[in-house]
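Nothing in this text is a laboratory measurement; each read-out follows from the coordinates by a stated rule. Keep in mind the model is a prediction, meaning the values are calculated, not measured. Note that we place each Cβ from the backbone using ideal geometry, even for glycine, and neighbour counts take in every protein chain shown.
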Amino acid sequence: GPISVQDLSEKIAVKSQKVVQLLESLGKSVTAYSILDVETSELIITEMGHKSQRVGLEDLEARWWGVKSKTYEDRPPVVTIMGHVDHGKTSLLDALRETSVASGEKGGITQHIGAYQTRLKSGKQVTFIDTPGHEAFIRMRERGSAVTDIIVLVVAADDGVKAQTIEAIRHAKTSNVPIIVAINKIDKTTAKPDVVRSELLNHGVVVEKMGGEVLDVEVSALTKKNLDALIETILLQAEMMELTCSPDTKARGTIIESHMRKGHGHVATVLIQNGTLRKGDIFVAGLLSGKVRMMFDAEGHVVQKATPGQPVEVLGFSRSPLSGDRFMSLDQESQAREFVEWKKSQALSDDSSEVTSNLPENSSDLAQYFKSQNVKTLFLVINADVQGSLEGLAYELEKIHHGEVALQVISSEVGPVSESDVMLAKTSNAIILMFNTYVLPDARKLIDQEKVILLNHQIVYRAIEEVKTLLEKLLAPEI
Ligand code: GDP
């Protein structure tokens, strides 16, 4: 609909002055506050190098998962292992992986690519997300991707239901993902599986033995007891869920993780959820587009195609995508580029990345702040969710050159903002840039106490925009 010059400029990331100039050159006299009609704003978008799209791309995204197809096949379930610390999540993931490698054909060297598949004698497969714990799950869900079909809740038979067990139950419930309980460490003499069952009952997880429907298996990651039974149970649950896919369509999936690798550049693990991905396919992921140059499976073998349920390492990214980003293969490069442009404009108008905490409300306060700190360099302490995000931010920050004001990253780490990050920011007059992660409670107190500025972002593009704005403010304090 109609939009002000200012709002439009913001959306397409150009100075409103530029838009005013453009309109003046076209013989229209306007100010930043003038309201433009749809035709005029489309003209501006086109002139400014953006393709105007009122329809088309939205449809494409809406059809992301709802692909029409004639063929439906069963697809492997995707499983995430959750549970309290030390209850055996990592051990179980490793044990399940070993079992599958041993029974499979000649395996290559096991690579940790963020997910793996176990292949059973029956030919059936189960995909495991290879990051134990809750963070990956939450991060994915926050980014709108639902990759997990089933949660395996690990509860140590000698320890029972604990804080993170309860947390996992809550995640499962809020995201509507069924639970299978793995009562682990059953080899221990102190194991009390029935105590675990009744404790679970108190938290609304009613296993079969207690008259409910939740499936449970007593296992030992250590002695590998009942691992086959666990896999069978997962398959049984999957069967009840009737998980299907259409392998004959274009690939859709989710980025599980990404990193830089010497000689390969940016590498991302994509979990294929529908369709088939082939070498040479054009794709988009988050705000990136590219072409599949090469693919590797979890054993490091080169593969030519990847089907639903399969995690593959994909080469061909110009930068690191973020875990949780949706991945989609498209017909043409031009279409992919258009889609990314559209996503960028969406990201710009998206309010999800708000400035939190102590950033002074208006720019004169901010200028005041800088003045009081006597800064000529904008120092940043960066905390991000994954290495890939840090790389993405670093890459974009490098591109910013700002005459008199320098930009310097003094710390760049994966993980939540901790007290030491806040202290570092305080002592070095830095601003904390938090990306897709969170603030630890003690650090939160310190931030308030020490009045440290914290920027909170989920989109690289937005984070960079804000840093640029800050630099501009440093350069020209509006007091
Ligand atoms: P996580 O924190 O949930 O990933 O737990 P880990 O897999 O790191 O396991 C925590 C500890 O429990 C380690 O010392 C494991 O060796 C041990 N452990 C894991 N599974 C078993 C099991 O089935 N039996 C016994 N006896 N110990 C186990």
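Overview of values
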{"item": "For Val409, distant residues with modelled amide H under 5 Å away", "result": "Leu380"}
{"item": "Nonlocal amide H pairs with Val181, under 5 Å, H built at 1.01 Å", "result": "Leu153, Leu215, Asp216, Val217"}
{"item": "J(HN,Hα) series, segment 260-265, from Karplus relation 6.51 cos²θ - 1.76 cosθ + 1.60, nearest Hz, glycine and proline x", "result": "8, 9, 3, x, 10, x"}
{"item": "Sites Thr189 and Lys262 - FRET efficiency at Förster radius 41 Å, r taken between beta-carbons, to 0.05", "result": "0.25"}
{"item": "Inverse mean reciprocal Cα-Cα distance (Kirkwood Rh) of segment 420-479, Å", "result": "12.5 Å"}
{"item": "Karplus-derived 3J(HN,Hα), 6.51/-1.76/1.60, for each residue of segment 446-461, Hz, glycine and proline x", "result": "5, 4, 5, 4, 8, 6, 8, 7, 10, 9, 10, 9, 10, 10, 3, 3"}
{"item": "Relative packing of 461-470, 245-254, 29-38, 383-392, which averages over residues the other C-beta atoms within 10 Å, highest first", "result": "383-392, 245-254, 461-470, 29-38"}
{"item": "Calculated FRET value between Lys451 and Asn176, using beta carbons and R₀ = 41 Å, to 0.05", "result": "0.50"}
{"item": "Computed lengthening from Thr46 to Asp248, 0.36 nm per intervening residue step minus Cα-Cα distance", "result": "69.1 nm"}
{"item": "Cα convex hull volume per residue for segment 132-233 (Å³)", "result": "96 Å³"}
{"item": "Cross-link partners of Lys15 among lysines (Cα-Cα below 26 Å; sequence separation of 8 or more within a chain)", "result": "Lys28, Lys51, Lys343, Lys344, Lys371, Lys376, Lys399, Lys468, Lys473"}
{"item": "Anchor Lys173: lysines whose Cα lies under 26 Å away (excluding residues fewer than 8 positions away in-chain)", "result": "Lys89, Lys162, Lys185, Lys192, Lys209"}
{"item": "Overall Cα dimensions of segment 185-274 - principal axes, largest extent first, Å", "result": "51, 33, 25"}
{"item": "Residues whose placed amide H lies under 5 Å from that of Ile3, excluding near-sequence neighbours", "result": "Leu36"}
{"item": "Highest to lowest packing among 209-220, 269-280, scored as the average C-beta count within 10 Å", "result": "269-280, 209-220"}
